[in-house]
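Take a look at the structure below.
The values are calculated or read from the model by the stated rules, or taken from the named source; none is laboratory data. Nothing here was measured: the structure is a model prediction, and the numbers come from that model. No Cβ is skipped: glycine too gets one built from the backbone with ideal geometry, and neighbour counts run over all protein chains shown. These area figures cover heavy atoms from the full protein model, side chains too; ligands, DNA and RNA do not enter into them. Shrake-Rupley method; radii C 1.70, N 1.55, O 1.52, S 1.80 Å.
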Amino acid sequence: MLKFVVSKAEIQEKISVASSSIGSRTVDPILQCLLFKPVNGHINIHATDLQTSVVSTVKVGEYEGSEAFAVDADLIDDIVKNLPEDEVIFEYANGKLLVKSGKSRYNLTTVLDVERFPIIETDESGIKFSIDTSILEEMLDRVSFCASSESAMRALNGVYWEVHGGFLRLVASDGYRLALAEQKLDIDNEFDFIIALKSVKELEKLLSSTTEPMINITYDHSIVSFNAGDVTMIVRTVEETFPDYKRVLPKAFKTRVVLNVDDFAEALKRVMVIAKRGTEKVQLKISDDVMELTSQSPDYGEAVENIPVTKDGEDLIVNFNPKFLNEAIKHIDEKEVEFNFVDNLSPLQINPRNVEGYMYIVLPVRA
């Protein structure tokens, strides 16, 4: 048996956090459940889709018994949200779960063979390091949108983490563009791994919802865990090799352009009206101190915009998928940005003017 009393706000929050890792479709009903397990004076709530696991620690005054139970996640979440009082009593015995609050009572059926619930654990002897929560959240936001959405492209359907030379680098690419963010860390170890995009999205939710100032990370080769106070996310790394991203980073530039982010974003938005109805490309013509943006459609016509820029180097005409340029600009908070060109066939490197440790690479398209 197991009995504990908890506040509605506490249990509702922890159920919601744990439930986020449950997959939408599964052939095994136990993967649609939350596992409630007493450990060291607390109740841990476990959830998993086998790739990502979340453990939420529930603060209870005390509990009786030591049995664990598993109950449908969507059901218990719905029940707790609608309970009338702040105090909630959980009583589990002989496969049945009683949930009481005020005058409300629910007698629920649970999954009997809780031993089948897959619990992923990290090796405490793994490599440990910490990073500021807001910094990691910002790094992921700056790169994750570039990851491939194709699950079959396993090496690119995620974010590559590289710890080297005292820096953490996050890299994502879909083969047409690449984003890189780096941060100095107090760590001597060197290692790398890939986290699947679905797991990255769950991690981003954790980072945005926690009030913990630091994230504690443990890496043990096949598994990496992220601890934020009462919540721990455990992720299986992707067993693939990320392409050598350094090969696509330009070494020298023939044309450097400095422009206002808002000017470019507004001009790009207007020419995209025609681009999305035509060739899905925008031409950038750079000459003197002007950038001309042009898009065409055989059925709808042409759009032309001009914005002032500061140019250093050769004149240039080059074509891009406007979606890739637009998404890059949206993730830059600075007023000015640098566009660094090699030629009209080589990758463009975009850098925020006054921010180090972040770059965006996009391949041009042929005319």
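Structural remarks
- Pairing residues of region 85-105 that are farther than 21 Å from residue 70 by Cβ with residues that are of a type in the set (Gly, Ala, Ser) and surrounded by fewer than 13 Cβ atoms within 10 Å (Cβ to Cβ), at Cβ distances under 9 Å and at least 6 apart in sequence or on separate chains, gives 85/102; 86/9; 87/102.
- Pairs where the first residue, in region 292-316, is touching a residue at least 12 places away in the same chain (Cβ under 8 Å) and at positive phi and the second is open to solvent by less than 90 Å² (accessible area, probe 1.4 Å) and not in a loop (DSSP other than H, G, I, E, B), C-beta under 8 Å, 6+ apart: 301/274; 313/255; 313/256; 313/341
- Residue in region 331-340 that is farther than 17 Å from residue 287 by Cβ, among the β-branched types (Val, Ile, Thr) and in a loop (DSSP other than H, G, I, E, B) present: yes
- Some residue of region 50-62 being over 26 Å from the mean Cα position of the chain (by Cα) and part of a helix (DSSP H, G or I): no
- Checked against (1) modelled with pLDDT under 95; (2) buried (at least 18 other Cβ atoms within 10 Å of the Cβ), residue 311 meets all criteria but (1).
- For region 85-111, a residue qualifies if it is loosely packed, with under 12 Cβ neighbours inside 10 Å and either under 17 Å from residue 31 (Cα atoms) or touching a Lys or Arg at 6+ places or on another chain (Cβ under 7 Å) (or both), and the qualifying residues are 107, 109.
- Total residues in region 201-230, condition surrounded by fewer than 18 Cβ atoms within 10 Å (Cβ to Cβ) and assigned to a strand (DSSP E or B): 2
- Lone unmet requirement of (1) at pLDDT below 95; (2) in contact with a helix residue (DSSP H, G or I) (Cβ under 9 Å, 6 or more places away or on another chain) for residue 34: (1)
- The listed residue being of a type in the set (Val, Ile, Thr), open to solvent by less than 20 Å² (accessible area, probe 1.4 Å) and part of a loop (DSSP other than H, G, I, E, B), out of 120, 131, 79: 120
- Count - residues of region 1-18 that are within 20 Å of residue 200 (Cα to Cα) and surrounded by fewer than 19 Cβ atoms within 10 Å (Cβ to Cβ): 1
- Filtered residues of region 140-197 (kept if touching a His at 6+ places or on another chain (Cβ under 9 Å), part of a strand (DSSP E or B) and closer than 21 Å to residue 347 by Cβ): 179
- Only one of 289, 299 that is at pLDDT below 95 and either within 22 Å of residue 334 (Cα to Cα) or surrounded by 20 or more Cβ atoms within 10 Å (Cβ to Cβ) (or both): 289
- Selected residue (criterion: farthest from the chain's Cα centre (by Cα)) from residues of region 245-264 that are surrounded by 15 or more Cβ atoms within 10 Å (Cβ to Cβ) and part of a helix (DSSP H, G or I): 263
- Residue in region 353-361 that is closer than 13 Å to residue 258 by Cβ, open to solvent by less than 30 Å² (accessible area, probe 1.4 Å), in contact with a helix residue (DSSP H, G or I) (Cβ under 7 Å, 6 or more places away or on another chain) and touching a residue at least 12 places away in the same chain (Cβ under 8 Å) present: no
- Scanning region 21-39 for residues being surrounded by fewer than 17 Cβ atoms within 10 Å (Cβ to Cβ) and in a loop (DSSP other than H, G, I, E, B) gives a total of 6.
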